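Chemist: Handing you a structure now.
The values are calculated or read from the model by the stated rules, or taken from the named source; none is laboratory data. What you are looking at is a predicted structure, and each value in this text was computed from that prediction instead of being measured. Backbone-built Cβ (ideal geometry, glycine too); neighbour counts: all protein chains shown. Heads up: the accessible areas ignore ligands, DNA and RNA and are worked out on the full protein's heavy atoms, side chains in. Shrake-Rupley method; radii C 1.70, N 1.55, O 1.52, S 1.80 Å.
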Amino acid sequence: MADMKKLCLYDTASRKVSEFKPIVAGQASIYLCGATVQASPHVGHVRSGINFDILRRWLIASGYNVTFIRNVTDIDDKIIHNAGHEDMPWWALAMKYESSFSDAYRALNVMAPTYEPRATGHITQMIELIEKLIANGSAYAPGNGDVYLEVRKLKSYLTLSNQKLDDLLVAKDGEEKLKRDPRDFALWKGAKEGEPYWPTPWGNGRPGWHIECSAMATKYLGPQFDIHGGGMDLLFPHHESEIAQSTICNHQSPVRYWVHNNMITINGRKMGKSYNNVIKLSELFSGNHHELTQSYTPMTVRFFILQSQYRGTLDFSNEALQASEKALRRLMEAYEWLKAQSFVAGTTAKDDNLDAQVNTWLKELTEFMEDDFNTAKVVANLFEIIPTINSLKDKHIAIDALSGATWIFAQEQLTLFIENILGLKVDT
């Protein structure tokens, strides 16, 4: 069991690894930017879900009471666009792909969030935040139903991504001629013919992307919470915009620790529809894709993802998945055999050095998780232990070469790490 005081996290804002100190002792509040449900999930989508699932599991195992929010963006330009192509209402398309994401998370053994709010269920909270921003002079409504945040008035803007305002490209989320600065971003978008809308004091319309998460995070976690997670591609503009909105409205920085996972690439290029290199999870599980030579189980995909530390690069390939499949099988076979054995605590060790080595390997698992939940090192350490387990299994070493107490400890620790922390299970 981990010591609550020893978890260290890399904070994107401070650009350093520091000790996790929650706002409330023994409590951990986490907001993870969830899916924009515009299409079927691909493997790049679920890396953050798996990475932050492991962080959450570690905090729970460490004794924290964790509140975990993962939102659903169910109104967005791309959702409206794709609904037209699929000839269905926007809300039906959103429901269809929200269900696909939920199925994928379940298959990958990602724990259900404490709450999973939808953007469209929190329009009232968004309008209230925008009214505050307009009232204090940080935002303006040019009269066509749009509302923009005036970025040049924001002292803290771009401190997360460490950019200069004048170097930014134009924010393409509204009519540039209506903006006071082309980099101002939309809080609310005036209604267009045939699109969904909600009534507001400044006109009918729908929310901009960034205001959604500020409203939902504040609603469920309060004006300040512990950890905000998401992919590095959300750092700008999404998370920068969240900081700006929430800080102005709540008079304090909204987040203690900004934690970002890296992307999954294919041949060094980010996986994404714009690059025409997407492999859907359904294609992975069925093997029905020209890049694949076989199908892969959800646990193989999960294991593939956790073999890299969450901030590290992870390049997708058929060969990498095949290697993950073999390694996972080897790990689970050794673990399942060990778990089924009965050991007596009083057995005397015949090899004190081996006994000490196994205990060291097991204790290092905790150290690696405490150090920015480094799953890559955890996995590497598990494979240090496997040969000893297999030697015991194959009777190459005597059954009592290690003390019973050590093997009981090994059973407990490997169950904790393999099942409860890494979230791995035998494929069925």
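Chemist: Can you give the local net charge around LEU328? Use residues other than it whose beta-carbon is closer than 14 angstrom to its beta-carbon, Lys and Arg +1, Asp and Glu -1.
Modeler: 0
Chemist: I would also like to ask the following. Using the crude model of +1 on Lys and Arg Cβ and -1 on Asp and Glu Cβ, and no other charge, please compute the dipole size for region 178-305 relative to its Cα centre, in debye to 20.
Modeler: For region 178-305, the charge dipole is close to 80 debye.
Chemist: Helix 404-414: angle to the longest alpha-carbon principal axis of the chain, degrees 0 to 90, nearest 10?
Modeler: Here the helix axis deviates by roughly 20 degrees.
Chemist: So what's the back-of-envelope 222 nm ellipticity for the chain, counting only DSSP H runs of four-plus at -39500 (n - 2.57) apiece and dividing by all residues, rounded to 500?
Modeler: It lands at -12500 deg cm²/dmol.
Chemist: Run the dipole for region 28-115 about the Cα centre, Lys and Arg Cβ at +1, Asp and Glu Cβ at -1, nothing else charged, and hand back the magnitude in debye, nearest 20.
Modeler: Charge dipole of region 28-115: 460 debye, to the nearest 20.
Chemist: Another question, if that's okay. Could you check the simple spin-label distance between THR313 and GLU128, using points 7 Å along Cα→Cβ, in nm with one decimal?
Modeler: 4.5 nm
Chemist: Kindly report, to the nearest 10 Å², the accessible surface of THR124 as traced by a 1.4 Å probe over protein heavy atoms only.
Modeler: 90 Å²
Chemist: Report, in whole Å, the centroid distance computed from the Cα atoms of region 238-297 and region 180-200.
Modeler: So the separation of the two Cα centres works out to 25 Å.
Chemist: Between region 1-73 and region 202-233, what is the separation of their alpha carbon centroids in Å?
Modeler: 16 Å
Chemist: Under 5 Å between amide H atoms, partner at least 5 residues away or on a different chain: which partners does VAL66 have, H built in plane at 1.01 Å?
Modeler: Residues meeting the criterion, in which the H sits 1.01 Å from N, are ALA28.
Chemist: Please give the per residue volume of the convex hull enclosing the alpha carbon atoms of region 290-337, rounded to a whole number of Å³.
Modeler: In region 290-337, the Cα convex hull volume per residue is 79 Å³.
Chemist: Taking a ≥ b ≥ c as the square roots of the Cα gyration tensor eigenvalues, with a/c under 1.5 meaning rounded and otherwise prolate when a/b beats b/c, else oblate, which class fits region 161-217?
Modeler: oblate
Chemist: Of the options ALA107, ILE134, LEU160, report the single residue whose Cα projects farthest towards the positive end of the charge dipole of region 104-168 (beta-carbon charges: Lys, Arg +1; Asp, Glu -1).
Modeler: ALA107
Chemist: Quick check: the angle from helix 90-107's long axis to the longest principal axis of the chain, C-alpha only, nearest 10 degrees?
Modeler: So the helix axis and the longest Cα principal axis differ by about 10 degrees.
Chemist: Let me ask something else. Between rounded, prolate and oblate, where does region 111-188 land on the alpha carbon gyration tensor, with a ≥ b ≥ c its root eigenvalues, rounded for a/c under 1.5, else prolate if a/b exceeds b/c?
Modeler: In terms of gyration-tensor shape, oblate.
Chemist: Assigning unit charges at the beta carbon (Lys, Arg +1; Asp, Glu -1) and nothing else, what dipole magnitude in debye, to the nearest 20, does the chain show about its Cα centre?
Modeler: Here the chain has a charge dipole of around 440 debye.
Chemist: Follow-up. I need the shape label for region 8-142. Rule: rounded when a/c is under 1.5, else prolate if a/b > b/c, else oblate, with a, b, c from the alpha carbon gyration tensor.
Modeler: Oblate shape, in that a/c is at least 1.5 and b/c is the bigger or equal ratio.
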